[in-house]
Amino acid sequence: MGTATTTVQNYVCGIHNTGEGFMSIRNNTVQGLSAFGLFPAESEVCGIQFQGRNNNTDILRNYLHTFYVNSDDYNSSVTGISMGEGSVTFANNIIRIGAEVTTRSYVTGIYRAGGGAGTQILNVFFNSVYLNGIVTSGGGAPSTSDCIFLDDRSGSDIRVSMINNIFYNARSCPNPQALIPTNNAIKINDLTNPISSWLTSNYNDCFFTDIKSGAIGTIGGNLPYANLALWQAATNLDANSLSLDPLFTINPPISTSGFIPAENLPGLTGVGGITTDYDQDIRCLPTMGAQESFLPVTVQFNPDYFCQMSGRWCCHLYSYRIEFKRYYLHSGSDTCSRNY
């Protein structure tokens with residue numbers, strides 16, 4: 001789906017909502033969206049967008065990938081998931097965009113736009129966001145690419161929990177801005193409030209590849225932090241986060257199975273009541289990102305037993321035990337088990 005080349009603003013969205021109230025968007029694949037324009041037209045592509053006030057909405061297990069935009073305009077963009085206002089849980093989503101964008105357009109995995117009334121709760125759990133591609137055309141400094149961009153503007157009141165995600169920015173550009181990193185794992189637009197007063201961020205893997213144009217995080221558009229230690233010291237966040245190449249099964253990942261990490265990325269247990277991954281496989285000891293790396297290897301059936309109800313033996317039950325094992329590319333493995 002796409003728009004034709006034109007000199008006026010054009011916009012394409014896979015799933016778009018302007019209504020209010022609860023909504024659940026699950027198990028979708030959004031791909032192949034495209035918008036093309038000639039300067040001064042802005043071309044925008046978005047996989048899933050919310051503009052209404054949505055309460056307790058969830059966006060779960062969606063795969064968003066392969067978005068095209070071709071415009072010389074600096075403000076053109078591709079975005080995986082965009083939200084204007086409301087309370088939303090993003091979990092177990094996989095976003096892979098950027099490879100098809102060679103112009104100097106914005107590339108954003110998850111975007112929370114500023115504004116909105118009341119207190120808004122955003123839960124960002126177990127997502128894998130992978131941005132890649134090379135800026136080769138358009139002239140001038142490129143726009144930024146951000147795995148997640150949180151815009152906490154004056155007048156809005158948001159509370160964000162960002163846990164157990166992989167934010168991997170592999171995008172590069174030959175002409176980065178002189179002082180401001182172009183390709184970020186995390187971008188926050190807020191210089192008025194202590195970030196830790198509204199954002200909880202931990203157990204995330206934040207990684208970038210282009211040392212000339214990348215950063216772990218940027219605050220306020222012009223305060224870059226080139227490594228995890230600097231980011232932690234400045235924000236008091238991400239104490240247990242990592243900055244490691246997740247070593248996806250296929251790099252760059254194409255299918256959803258390619259997003260299983262071979263690196264040891266232990267996540268936090270008990271987050272958001274989420275017990276399965278993108279494929280709805282069990283999370284035993286959870287891995288950061290949308291795809292769990294623990295795989296079931298043995299099933300052991302326990303001896304039969306009886307239960308007692310109302311003073312008499314009444315039912316014949318079976319129980320079983322599953323052992324899970326996680327192997328790492330470098331060396332070693334972990335195991336855990338569950339009884340059922």
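The values are calculated or read from the model by the stated rules, or taken from the named source; none is laboratory data. Predicted, not measured: the structure shown is a model, and the values here were computed from it. Here Cβ is always computed from backbone atoms with ideal geometry, including for glycine, and neighbour counts include all displayed protein chains.
Return yes when residue 101 is in a strand (DSSP E or B), at negative phi and modelled with pLDDT of 85 or more and no when it is not. No. Looking only at residues in region 181-198 that are surrounded by fewer than 23 Cβ atoms within 10 Å (Cβ to Cβ) and either under 25 Å from residue 96 (Cβ atoms) or among the charged types (D, E, K, R) (or both), the one that is modelled with the highest pLDDT is 189.
Scanning region 245-288 for residues that are within 21 Å of residue 124 (Cα to Cα) and assigned to a loop (DSSP other than H, G, I, E, B) yields a total of 24. The single condition among (1) touching a Lys or Arg at 6+ places or on another chain (Cβ under 6 Å); (2) over 25 Å from residue 156 (Cα atoms) that residue 205 does not satisfy is (1). For region 248-269, residues that are among the polar types (S, T, N, Q) and touching a residue at least 60 places away in the same chain (Cβ under 8 Å) total 2.
Count of region 256-281 residues, restricted to those that are touching a strand residue (DSSP E or B) at 6+ places or on another chain (Cβ under 9 Å) and either surrounded by 18 or more Cβ atoms within 10 Å (Cβ to Cβ) or modelled with pLDDT of 90 or more (or both), is 18.
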